[in-house]
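Worksheet for the structure shown next.
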Amino acid sequence: MKDNKNKNKITVRSIIIGLILVVINAYWIAVSSELWYSVFTTTSLFFNTIFCLFLLVFLNFVIKRFLPESAFSPQELSIMYIMTVMVSTISGHTMMMYLVGALAHPYWFATPENEWQSLFWRYIPDWFTVSDKTLLNDYFKGQSSFFRMTYIKAWLVPMLAWCGFIFVFFSTMLCMNIIIRKRWMEDERLTYPITQLPLEMTQNSGRFFRNKLLWIGFGISGTITLINGLNLLFPSIPSIPSKFHEVGHYFTSKPWNAVGRTLVDFHPFIIGLAFFIPLDLSFSCWFFYLLSKVEKVFASAVGIQNLYLNERSVGAWISLGILALWISRKHLVSVLKLVFLGQKVTGNFRDPREPISYRAAVILTIGGLVFLTLFCYYAGMNLWTIATFFGVYFAMALGITRARAALGPPYHEVVFVNPRQFMTVLMGSRNIGANNLTIMSFLYPFTRCHRSHPMPSQLESLKIAQQNKMLNTRLVAGMMSSIGVGAVVTFISYLTIAYKYGASAECHGWLSGFGWEAFNPLQSWLNHPTKANTGGIISMVGNSVFVFFLMFMRRHFTWWPFHPGGYVLSGGAWSGMLYIWNAMLISWAAKYIILKYGGLKAYRTARPFFFGLVLGDYIIGCAWNIFGLIFNTRAYSIW
């Protein structure tokens, strides 16, 4: 048997297997997203990563039975899971697909009518993308191969430039997480609900998978997904409604028709994931979402034309990020004193519980920010624009990360709530300038909707590492290598798919269509420059104040039922609550009843059942996806 010392290590073999899984997942996510629009990484807990972990755990059961000396330790299982999470933040529908789609768009779709050539071509650096239409012809039409020397040479520089940007960008956020980790994990003891399922699967797999309630929940959600998958192949088999059902169209008369698009869903995995978040948050999420519908009806009744929902959401997320920094201010000051004033905690400035020293983390963060600044500066942006753009981005990133760490929302999409939106409202496109707006349009894929955001996933990975006593340099090496390898493999995967199937031919994702969302606003701003939007500014400031008010009330009055996180998550004209509010309501009611009539003991007993709801959906759903890829047919997608 291995000794205990070795069991607590991240082994070389686990990192090698993790990198193999990185390559597999990069292509699997890309081909599923683009060919069948089956997306794995929009929810907080990624479908593909849990599926891979599930297979690894059951493979480990077999290895333990026949070759116990070679079985994976919890640390090895954890690092392999973490590495698949890292690549999934890059490969998903919400990041690299958008980026590759945006890069190929401005030259291919330029016409005399839209005047893109005269409006902004001159602001696009040569090393950003491919400008020759003859080289893009097969990209959009397909029936070719990327692995031709002509195409490889054409895309090599843009691929290296953007993969380098992604590696530094994501690694910088990882270093920020290392700096903040101790405060949020050990001092405040935030709950990290998204980590609970992978921790149970790696730490207590034997006991976990023997629980009967787990398999009851698995059977319910898995059977629903199995039957709905069969219904897609054989329509004579009746389906079980669990996906989105539009009910907003039933409201046809004014002012009730102002409720707009309203979806009702019964996704078992959302019900399962929402069970592990605090009651006040789940209540606030669906309450504030329904309140926004009431607000729209009232506005229509009294003749208010613009509620500035996106502007308000930007202000709310930035406020949440500022609050996260303020709460952590003493810890951050201590770290800076340690690094710059030499107030030593240990002889080499290293906290033994951190994967790398604070000094290294701070230096790497500063170096990363300098690289990002130089990248954008040489691309054509002004320094003040770069500072504003990334200042807003990191404020929102901290807000999302704090919300995930403390509350664990299963879904946190916020479309059109981003630095570009903030800056055009605050300053107007006229004052920002065409050069800055053009480069920000290429950065837009990183900020479009904030699903599969890297920063909260990284912090949750550090939490898993902490629980498994594996906070060391190999952890950081594994995570960073996953980011670097994952970025390159994912970029190549999307180019391979595009040249084979055609971005505008057989692909069903956003490789062909995303660019319109990135560059149509740019065209509008350049043709019709805007000034600062006074109404939008007032809405942003007012909403920021309201978030601070909610936080003040929650901290000072225990009876206050409204959580600022729920308000922020439900904000915006197109927020994640659009899809999951109903499932959140069901989960909240179930948890409320269990706690009220059964107490904490009943809650702990029920946990495996709700884990099972998640697993059943995830495992059978991914199995259907693999079935579709093997037989080249459209298969059932759970999301």
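If I filter the stretch 582-598 for residues that are surrounded by fewer than 19 Cβ atoms within 10 Å (Cβ to Cβ) and touching a Leu at 6+ places or on another chain (Cβ under 8 Å), do I get at least one hit?
So far as the stretch 582-598 goes, yes, one or more of its residues are surrounded by fewer than 19 Cβ atoms within 10 Å (Cβ to Cβ) and touching a Leu at 6+ places or on another chain (Cβ under 8 Å).
For Gly576, which of the numbered conditions (1) of a type outside the set (Asp, Glu); (2) under 24 Å from the mean Cα position of the chain (by Cα); (3) at positive phi fails to hold?
The failed condition is (3).
Is it the case that the stretch 340-349 has a residue that's at pLDDT 90 or above and either more than 30 Å from Phe416 (Cα to Cα) or within 26 Å of the chain's Cα centre (by Cα) (or both)?
No, because not a single residue in the stretch 340-349 is at pLDDT 90 or above and either more than 30 Å from Phe416 (Cα to Cα) or within 26 Å of the chain's Cα centre (by Cα) (or both).
How many residues does the stretch 242-262 contain that are under 20 Å from Thr43 (Cα atoms) and touching a residue at least 24 places away in the same chain (Cβ under 8 Å)?
4
Of everything in the stretch 55-109 that's aromatic (Phe, Trp, Tyr) and in a helix (DSSP H, G or I), which residue is nearest to the chain's Cα centre (by Cα)?
It comes out as Tyr98.
Quick check: anything in the stretch 323-332 in contact (Cβ under 8 Å) with a residue 24 or more places away in the chain, touching a Lys or Arg at 6+ places or on another chain (Cβ under 6 Å), part of a helix (DSSP H, G or I) and of a type outside the set (A, V, I, L, M)?
The answer is yes, given that some residue of the stretch 323-332 is in contact (Cβ under 8 Å) with a residue 24 or more places away in the chain, touching a Lys or Arg at 6+ places or on another chain (Cβ under 6 Å), part of a helix (DSSP H, G or I) and of a type outside the set (A, V, I, L, M).
Any residue in the stretch 263-279 that is surrounded by 16 or more Cβ atoms within 10 Å (Cβ to Cβ) and either free of Cβ contacts under 8 Å to residues at least 40 places away in the same chain or among the basic types (Lys, Arg) (or both)?
no
It is to be established whether one or more residues within the stretch 461-476 are among the small types (Gly, Ala, Ser), closer than 22 Å to Ala324 by Cβ and touching a Leu at 6+ places or on another chain (Cβ under 7 Å).
The answer is yes; a qualifying residue exists.
Regarding the stretch 564-585, can at least one residue be identified that is more than 21 Å from Pro410 (Cα to Cα) and part of a helix (DSSP H, G or I)?
Taking every residue of the stretch 564-585 in turn, none turns out to be more than 21 Å from Pro410 (Cα to Cα) and part of a helix (DSSP H, G or I).
Just to be sure before I move on: is Ile620 without any contact (Cβ under 8 Å) to a residue 40 or more places away in the chain, in a helix (DSSP H, G or I), over 26 Å from Asn418 (Cβ atoms) and among the hydrophobic types (A, V, I, L, M, F, W, C) in the structure I sent?
Details: without any contact (Cβ under 8 Å) to a residue 40 or more places away in the chain: no; in a helix (DSSP H, G or I): yes; over 26 Å from Asn418 (Cβ atoms): yes; among the hydrophobic types (A, V, I, L, M, F, W, C): yes.
No; evaluated as a whole, the condition is false for this residue.
Only one residue in Arg189, Arg148, Arg183 is among the basic types (Lys, Arg), in contact (Cβ under 8 Å) with a residue 60 or more places away in the chain and more than 30 Å from Phe58 (Cα to Cα). Which one?
Of Arg189, Arg148, Arg183, the one residue that is among the basic types (Lys, Arg), in contact (Cβ under 8 Å) with a residue 60 or more places away in the chain and more than 30 Å from Phe58 (Cα to Cα) is Arg183.
Out of (1) at pLDDT 95 or above; (2) among the polar types (S, T, N, Q); (3) in contact with a Ser or Thr (Cβ under 7 Å, 6 or more places away or on another chain), what's the single condition that is false for Ser482?
Just one mismatch for Ser482, condition (3).
Quick one: in the stretch 68-115, of everything that is touching a Leu at 6+ places or on another chain (Cβ under 7 Å) and of a type in the set (Ser, Thr, Tyr), which residue is surrounded by the fewest Cβ atoms within 10 Å (Cβ to Cβ)?
Tyr107
Quick one: which residue in Val62, Val12 is surrounded by fewer than 18 Cβ atoms within 10 Å (Cβ to Cβ), closer than 23 Å to Leu174 by Cα and without any contact (Cβ under 8 Å) to a residue 60 or more places away in the chain?
Going through Val62, Val12 in turn, the sole match is Val12.
Of the residues Leu369, Leu398, Leu374, only one is in contact with a helix residue (DSSP H, G or I) (Cβ under 9 Å, 6 or more places away or on another chain), part of a helix (DSSP H, G or I) and farther than 22 Å from Glu311 by Cβ; which?
So the residue among Leu369, Leu398, Leu374 that is in contact with a helix residue (DSSP H, G or I) (Cβ under 9 Å, 6 or more places away or on another chain), part of a helix (DSSP H, G or I) and farther than 22 Å from Glu311 by Cβ is Leu369.
Among the residues that make up the stretch 538-555, is at least one of them in a helix (DSSP H, G or I) and within 29 Å of Leu119 (Cβ to Cβ)?
yes
Looking only at residues in the stretch 292-305 that are free of Cβ contacts under 8 Å to residues at least 24 places away in the same chain and closer than 25 Å to Gly565 by Cβ, which one is surrounded by the most Cβ atoms within 10 Å (Cβ to Cβ)?
Taking the stretch 292-305 as the starting set, the residues that turn out to be free of Cβ contacts under 8 Å to residues at least 24 places away in the same chain are 294-295, 302-305.
If we keep only those that are closer than 25 Å to Gly565 by Cβ as well, we get 294-295.
Working: Val294: 11, Glu295: 15.
The qualifying residue surrounded by the most Cβ atoms within 10 Å (Cβ to Cβ) is Glu295.
Among the residues that make up the stretch 563-575, is at least one of them over 30 Å from Arg122 (Cβ atoms) and without any contact (Cβ under 8 Å) to a residue 24 or more places away in the chain?
For the stretch 563-575, residues over 30 Å from Arg122 (Cβ atoms) and without any contact (Cβ under 8 Å) to a residue 24 or more places away in the chain: absent.
Considering each of Val23, Val31, Val62 in turn, give the residue that is closer than 15 Å to Gly478 by Cβ and among the hydrophobic types (A, V, I, L, M, F, W, C).
Matching residue, one of Val23, Val31, Val62: Val23.
Given Trp116, Trp127, which one is touching a residue at least 40 places away in the same chain (Cβ under 8 Å) and either of a type in the set (Val, Ile, Thr) or under 29 Å from Leu526 (Cα atoms) (or both)?
Trp116
In the stretch 452-480, what count of residues is obtained for those that are under 14 Å from Pro355 (Cβ atoms) and within 19 Å of the chain's Cα centre (by Cα)?
Qualifying residue count for the region: 8.
Could you please let me know if Leu585 is under 22 Å from Arg451 (Cβ atoms), modelled with pLDDT under 90 and among the aliphatic types (A, V, I, L, M)?
Working: under 22 Å from Arg451 (Cβ atoms): yes; modelled with pLDDT under 90: no; among the aliphatic types (A, V, I, L, M): yes.
No.
Can you confirm whether the stretch 42-49 contains a residue that is modelled with pLDDT under 95 and of a type in the set (Val, Ile, Thr)?
Checked the stretch 42-49: at least one residue is modelled with pLDDT under 95 and of a type in the set (Val, Ile, Thr).
Can you name every residue in the stretch 477-518 that is crowded, with 19+ Cβ neighbours inside 10 Å and farther than 19 Å from His93 by Cα?
Gly478, Met479
For Met455, state whether it is under 30 Å from Ile580 (Cβ atoms), in contact with a Ser or Thr (Cβ under 6 Å, 6 or more places away or on another chain) and either touching a residue at least 60 places away in the same chain (Cβ under 8 Å) or in a loop (DSSP other than H, G, I, E, B) (or both).
Values: under 30 Å from Ile580 (Cβ atoms): yes; in contact with a Ser or Thr (Cβ under 6 Å, 6 or more places away or on another chain): yes; either touching a residue at least 60 places away in the same chain (Cβ under 8 Å) or in a loop (DSSP other than H, G, I, E, B) (or both): yes.
Criteria met by Met455.
Identify the single condition in (1) under 30 Å from Asn468 (Cα atoms); (2) touching a Ser or Thr at 6+ places or on another chain (Cβ under 9 Å) that Trp256 does not satisfy, given that it satisfies every other one.
The number of the failed condition is (1).
Within the stretch 439-448, can one find any residue that is without any contact (Cβ under 8 Å) to a residue 60 or more places away in the chain, closer than 19 Å to Ile537 by Cα and either assigned to a helix (DSSP H, G or I) or aliphatic (A, V, I, L, M) (or both)?
Within the stretch 439-448, none of the residues are without any contact (Cβ under 8 Å) to a residue 60 or more places away in the chain, closer than 19 Å to Ile537 by Cα and either assigned to a helix (DSSP H, G or I) or aliphatic (A, V, I, L, M) (or both).
Restricting to the stretch 488-538, give me the number of residues that are more than 20 Å from the chain's Cα centre (by Cα) and of a type in the set (Asp, Glu).
Qualifying residue count, the stretch 488-538: 1.
The values are calculated or read from the model by the stated rules, or taken from the named source; none is laboratory data. All figures in this text were calculated on a predicted structure; none of them were measured in a lab. All Cβ positions, glycine included, derive from the backbone under ideal geometry; neighbour counts span all protein chains shown.
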